[in-house]
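Peer 1: Supplied in structure tokens, the structure appears directly below.
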Amino acid sequence: MRRTIISAAVFCTFLFTGLIQAQPKRADVITIDGIINPAVSEFITKAIARSAAEGAECLIIRMDTPGGLDLSMRSIIKEMMSAGIPIVVYVSPGGARAASAGALITIAADIAAMAPGTNIGAAHPVSLGGGKMDDEMAAKVENDAAAYAESIATKRNRNKEWAIKAVRESVSITEKEALEIKVIDLIASDLNDLLRQLDGRQITTAAGVKTLATNNIAVNEIHMGLREKVLDTLSNPNIAYILMMVGLLGLYFELSNPGAILPGIIGGISLILAFFAFQTLPVNYAGILLIILALILFILEIKVTSFGMLTVGGIISLTLGSLMLFDAQAPFARLSYEVVIPVVVVTSACCVLTVYLAVKAYSRKPMTGREGLRGEIGICKSTIDPEGKVFVHGEYWNALSDETIPEGTQVKVLEVKDSKLKVKKV
């Protein structure tokens with residue numbers, strides 16, 4: 001029995017080892033198409049860890065980016081430098097770019113590749129917080145970025161002089177120029193061409209030297225999870241702005257019509273998501289205060305008779321606040337006028353419409369209570385001389401009149417006095 005158990009254990013061990021060795025090798029591929037933000041940083045970090053744990057031959061980052069946040073870029077590069085598998089950055093497809101933060105991420109790769117018709121560079125740091133940095137601070141930021149680019153290029157044996165110029169002078173070059181001056185390692189027309197050229201290259205990773213075997217290798221696409229997709233979407237300033245406006249409109253309708261509930265719920269959720277997105281965006285708080293002031297002015301218009309002045313002030317405040325909300329130098333962190341103008345127009349129209357309906361409701365004749373009886377038409381149920389009975393608004397009332405009114409005659413209510421109706425003949 002003991003020999004049988006030992007033999008079975010040895011057999012299972014060899015079988016399990018054979019199954020592992022029989023698994024086909026693969027190259028993992030992720031696609032980055034947009035700005036470099038915390039969601040993208042988290043996605044790349046998880047992809048590197050997953051590829052290393054599952055024994056992928058390499059991880060290819062297919063990238064097209066205008067740049068992004070410095071902290072997110074540094075987090076990505078730190079993971080790439082300490083990765084246990086080869087990291088390949090491929091600027092693709094044709095027409096794509098690796099600008100600003102994307103340029104440094106490309107330089108930091110074990111293998112840097114570009115597709116025909118792409119460009120790389122323009123990595124000068126810019127302020128995202130609105131306003132212009134003073135000369136001393138700008139010099140410090142520039143020197144720090146230049147030193148960082150130089151250290152990365154030196155580590156990867158790439159052209160450090162160009163890396164410094166990309167930071168200090170915002171130079172940008174094509175894929176052919178990048179290959180000539182040793183900024184990248186190769187030009188590949190597509191993914192298959194890239195894998196063919198990678199085959200046989202020796203890469204030194206944190207886990208040691210690895211020779212790539214990528215010829216006819218299987219390709220495994222890794223996609224963003226739901227969490228990363230949501231975070232990436234919320235990092236778009238236009239989406240964050242729309243969420244904030246939806247949230248404020250929801251609260252406005254809830255305060256204008258207490259008890260509606262649904263607008264308040266939608267508004268609260270939208271505002272929470274908007275403020276979550278603001279953590280990764282260069283928010284100008286003066287813009288937020290102006291937008292909140294606009295909301296207050298719209299609400300006051302319902303309560304205070306201002307002949308439209310509060311509404312006009314609210315529209316002006318809303319417009320200025322929207323334009324000031326994301327005052328950044330980087331194009332990807334600014335609001336699009338194609339979004340701002342329709343949102344301001346629609347929001348202002350909704351608020352004006354609400355104010356109009358509220359004013360119309362206040363000026364409308366009361367439909368219930370004593371005030372609602374004035375002007376109503378009824379029927380005499382007995383002769384009024386000077387008092388009698390009338391049937392008005394579904395009820396029997398005692399009535400009096402300055403004239404004699406026969407039974408069955410239509411009467412009109414003039415006023416309600418001491419639980420009696422004063423009427424006259426129609």
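Computed from the coordinates by the stated procedures, all read-outs in this text should not be read as laboratory data. None of the values given here were measured: they were computed from a predicted structure. Glycine also receives a Cβ, built like all others from the backbone with ideal geometry; neighbour counts cover every protein chain displayed.
Peer 1: D for the range 371-425, whole µm²/s, Stokes-Einstein with Kirkwood Rh over alpha-carbon pairs at 25 °C and 0.890 mPa s: what number?
Peer 2: The diffusion coefficient I find is 236 µm²/s.
Peer 1: Please find, in a Gaussian network model of the chain (springs between Cα atoms separated by less than 10 Å), the residue of 375, 267, 208 whose mean-square fluctuation is greatest.
Peer 2: 375
Peer 1: How about residue 182: which lysines have a C-alpha closer than 25 Å to its C-alpha, ignoring those fewer than 8 places off in the same chain?
Peer 2: Leaving aside lysines fewer than 8 places away in the same chain, those within reach of residue 182 are 78, 155, 160, 165, 210.
Peer 1: Could you name the lysines in cross-link range of residue 303, using Cα to Cα under 29 Å and dropping any fewer than eight places away on the same chain?
Peer 2: The qualifying lysines are 360, 365.
Peer 1: Another one. Give me the net charge of residue 70's neighbourhood, meaning all other residues with Cβ under 14 Å from the Cβ of residue 70; Lys, Arg count +1, Asp, Glu -1.
Peer 2: Around residue 70, the charge tally is +1.
Peer 1: Let me ask you something else. P(r) tail for the range 114-272, what percent of Cα pairs lie past 27 Å? All intermediate terms of the calculation are to be shown ahead of the outcome.
Peer 2: Numbers: 7155 of 12561 pairs.
Pairs farther apart than 27 Å: 57 percent.
Peer 1: Answer rounded, prolate or oblate for the range 21-226, using the Cα gyration tensor with square roots of eigenvalues a ≥ b ≥ c: rounded when a/c is under 1.5, else prolate when a/b is larger than b/c, else oblate.
Peer 2: In terms of gyration-tensor shape, prolate.
Peer 1: Another question about this same structure. Can you list the lysines whose alpha carbon is less than 16 Å from that of residue 420, not counting same-chain residues fewer than 8 positions off?
Peer 2: Straight-distance partners of residue 420: 381, 389, 412.
Peer 1: Sticking with this structure for a sec: Any idea how far apart residue 180 and residue 385 come out in nm if each label point goes 7 Å out from Cα toward Cβ?
Peer 2: Distance between label points: 11.8 nm.
Peer 1: Next question, about the same structure. What's the Kirkwood radius of the chain in Å, using all Cα pairs?
Peer 2: Hydrodynamic radius (Kirkwood, Cα pairs) of the chain is 27.4 Å.
Peer 1: Remind me, what semi-axes does the range 230-301 give for its equivalent ellipsoid, largest first in whole Å, using sqrt of 5 times each Cα gyration tensor eigenvalue?
Peer 2: Semi-axis lengths for the range 230-301 are 23, 15, 7 Å.
Peer 1: May I ask you to work out the translational diffusion coefficient for the range 186-315 at 4 °C, viscosity 1.567 mPa s, via Stokes-Einstein with Rh from the Kirkwood sum over Cα pairs, reported in whole µm²/s?
Peer 2: Approximately 67 µm²/s, per Stokes-Einstein.
Peer 1: Right, next: Helix-only estimate, please: 222 nm mean residue ellipticity of the chain, summing -39500 (n - 2.57) across DSSP H runs of length 4 or more and dividing by its residues, to the nearest 500.
Peer 2: Here the helix-only value at 222 nm equals -16000 deg cm²/dmol.
Peer 1: Further question: Which residue, 152, 341, 377, has the most motion in a Gaussian network model of the chain that connects Cα atoms within less than 10 Å?
Peer 2: Looking only at 152, 341, 377, the biggest GNM fluctuation is shown by 377.
Peer 1: I'd like the FRET efficiency for residue 53 and residue 265, computed as 1/(1 + (r/R0)^6) with the beta carbon distance as r and R0 of 35 Å, rounded to 0.05.
Peer 2: 0.25
Peer 1: Hey, another quick one. With both bridge residues required to lie in the chain, what share of the DSSP beta bridges run antiparallel, to the nearest 5%? Please report the intermediate quantities before stating the final value.
Peer 2: Details: 25 of 54 bridges.
The answer is about 45 percent antiparallel.
Peer 1: At 15 angstrom or more along the helix axis (alpha-carbon based) and mean Kyte-Doolittle of 1.0 or higher, what helices does the chain contain? Whole DSSP H runs only. Let's see the in-between values first.
Peer 2: On the way: long enough: 2-22 (30 Å, 1.23); 38-53 (22 Å, 0.57); 70-81 (16 Å, 0.12); 135-155 (30 Å, -0.40); 237-256 (28 Å, 1.39); 262-277 (23 Å, 2.19); 285-303 (27 Å, 2.48); 309-324 (22 Å, 1.75); 337-363 (38 Å, 1.64).
Result, helices passing both filters: 2-22, 237-256, 262-277, 285-303, 309-324, 337-363.
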